[in-house]
């Protein structure tokens, strides 16, 4: 005995909704099969993340945060701007969080000036909303003394109040090796 499928009987509103969907959204589904569409509706779905050049990504295995600089021809690997890793597979990454991006930008800033993050030295110039200060002394315990003050600041306090205006080795107003 052969089983025949019957068309379901639906309401006018349901028919209009189906026609609206077909007219407005069917082409957006691309090559998604009806079965895949049904399963997505029934069981839920996961959205594949979109990545583009300039996006910041995080790779868990290497704890690497980097910026995407390009794609391979298949689109499944990214070129990134990291010194140790130049290419990563899409399945191993996620978008970096704003906090991770800020930490990486800070690390890059200091690295570009030959320093570890918040490694301050004598004569570095710091800028705050109060004005400009100079690093007078870096104590063995890591606390920082600024010119004109006997107070010793922790690095976390310095980070909250100041930005680096100029590193000592880049200052043009100080003559060295005289």
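Residues in the range 108-135 that are loosely packed, with under 15 Cβ neighbours inside 10 Å, over 13 Å from residue 159 (Cα atoms) and touching a strand residue (DSSP E or B) at 6+ places or on another chain (Cβ under 9 Å): how many?
Number of matching residues: 5.
Which of the following residues is farther than 30 Å from residue 142 by Cα and either out of contact with any helix residue (DSSP H, G or I) (no Cβ under 8 Å at 6 or more places or on another chain) or surrounded by 13 or more Cβ atoms within 10 Å (Cβ to Cβ) (or both): 99, 23? Walk me through it before giving the result.
Working: 99 fails: farther than 30 Å from residue 142 by Cα.
Exactly one residue qualifies, and that residue is 23.
Can you name the condition, by its number, that residue 80 falls short on among (1) surrounded by 11 or more Cβ atoms within 10 Å (Cβ to Cβ); (2) within 30 Å of residue 169 (Cβ to Cβ); (3) at pLDDT 85 or above?
Unmet condition: (3).
Pairs, please: C-beta under 6 Å, at least 6 apart or cross-chain, first residue under 27 Å from residue 47 (Cα atoms) and in the range 95-107, second modelled with pLDDT under 95?
Between residues of the range 95-107 that are under 27 Å from residue 47 (Cα atoms) and residues that are modelled with pLDDT under 95, the close pairs are 96/56; 96/57; 96/58; 96/65; 100/58; 100/65; 101/56; 104/65.
Touching a helix residue (DSSP H, G or I) at 6+ places or on another chain (Cβ under 7 Å) and either at pLDDT 75 or above or surrounded by 13 or more Cβ atoms within 10 Å (Cβ to Cβ) (or both): does that describe residue 29? Step through it out loud before you land on a result.
Details: touching a helix residue (DSSP H, G or I) at 6+ places or on another chain (Cβ under 7 Å): yes; either at pLDDT 75 or above or surrounded by 13 or more Cβ atoms within 10 Å (Cβ to Cβ) (or both): yes.
Judged against the criteria, residue 29 is a match.
Within the group 151, 145, 160, which residue is free of Cβ contacts under 8 Å to residues at least 12 places away in the same chain, surrounded by 13 or more Cβ atoms within 10 Å (Cβ to Cβ) and over 30 Å from residue 50 (Cβ atoms)? I'd like the intermediate steps shown before the answer.
Values: 151 fails: surrounded by 13 or more Cβ atoms within 10 Å (Cβ to Cβ); 160 fails: surrounded by 13 or more Cβ atoms within 10 Å (Cβ to Cβ).
So the residue among 151, 145, 160 that is free of Cβ contacts under 8 Å to residues at least 12 places away in the same chain, surrounded by 13 or more Cβ atoms within 10 Å (Cβ to Cβ) and over 30 Å from residue 50 (Cβ atoms) is 145.
The values are calculated or read from the model by the stated rules, or taken from the named source; none is laboratory data. Only a predicted model underlies this, so the values are computations on that prediction, with no experimental measurement involved. Glycine gets a Cβ as well: all are built from the backbone with ideal geometry, and neighbour counts include every protein chain shown.
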